[in-house]
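The values are calculated or read from the model by the stated rules, or taken from the named source; none is laboratory data. A quick note: this is a predicted structure, and the numbers were derived from the prediction, not measured. Cβ atoms come from the backbone with ideal geometry, glycine included; neighbour counts cover every protein chain shown.
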Amino acid sequence: MECIQTELEGAFILDPKIIRDERGYFMESFNEQTFERITGQHVHFVQDNQSYSSKGVLRGLHYQCGEHAQAKLVRVLQGEVWDVAVDIRPDSPTFGKHVGVLLSGENQKQFFIPRGFAHGFIVLSDTATFFYKCDNYYNKESEGGIIYNDAEIGIDWQMGKDTLIISDKDKALPDFKNARNVW
């Protein structure tokens, strides 16, 4: 597995070794020892989540605060998404910056998003099955979020705003300046 450091410290793209033949393919999607060796991060995942969405569905930007903050290892099982992480660590040199990566069932890339980041994605294919591991349990009282179209962050979601499908909850999220402090 290859580990590619993004411009945001602690956020990595993982490109697994895929063994293909006439039967299909095989890959090791996660190995805690390998993950720790190639990223330098000791993360123990405790919860797996999966979602299925149609084209134009935008989920995010979400995060958990305080003792319930979560690191995530995300990937797409089927379809294609544009996945985005925003550094919301106040003391970070890249505070307020974001990085996006194309994840698909075909490229099998994974994206590690450490604690202290907001996260969201948009479905670019007709449908997508999105899967992620978390290193902490979800806690409703610790939810935080930032509106997807915050001008200060300036994310290009790869689709026109008239084609987006966004939950009422995500449409009501605050802007970056007024978002809940992650710590």
Problem - Subset of the range 1-53 [surrounded by 14 or more Cβ atoms within 10 Å (Cβ to Cβ), of a type in the set (Gly, Ala, Ser) and not in a strand (DSSP E or B)] - result: Gly10, Ala11, Ser29
Handout entry: Total residues in the range 106-165, condition assigned to a loop (DSSP other than H, G, I, E, B), of a type outside the set (Ser, Thr, Tyr) and buried (at least 18 other Cβ atoms within 10 Å of the Cβ)
Key = 14
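Among the candidates Asn178, Asn136, which residue alone is without any contact (Cβ under 8 Å) to a residue 60 or more places away in the chain and either polar (S, T, N, Q) or closer than 22 Å to Gln5 by Cα (or both)?
Asn178
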Handout entry: Complete set of residues in the range 83-105 that are out of contact with any Lys or Arg (no Cβ under 9 Å at 6 or more places or on another chain), of a type in the set (A, V, I, L, M, F, W, C) and either buried (at least 20 other Cβ atoms within 10 Å of the Cβ) or modelled with pLDDT under 95 (or both)
Key = Val84, Ile88
Problem - Residue list for the range 11-28, filter: at pLDDT 95 or above and under 22 Å from Val46 (Cβ atoms) - result: Ala11, Phe12, Leu14
Handout entry: Close pairs (7 angstrom Cβ cut-off, 6 or more residues apart or separate chains): free of Cβ contacts under 8 Å to residues at least 40 places away in the same chain in the range 2-22, of a type in the set (Ser, Thr, Tyr) anywhere
Key = Cys3/Thr39; Ile19/Tyr25
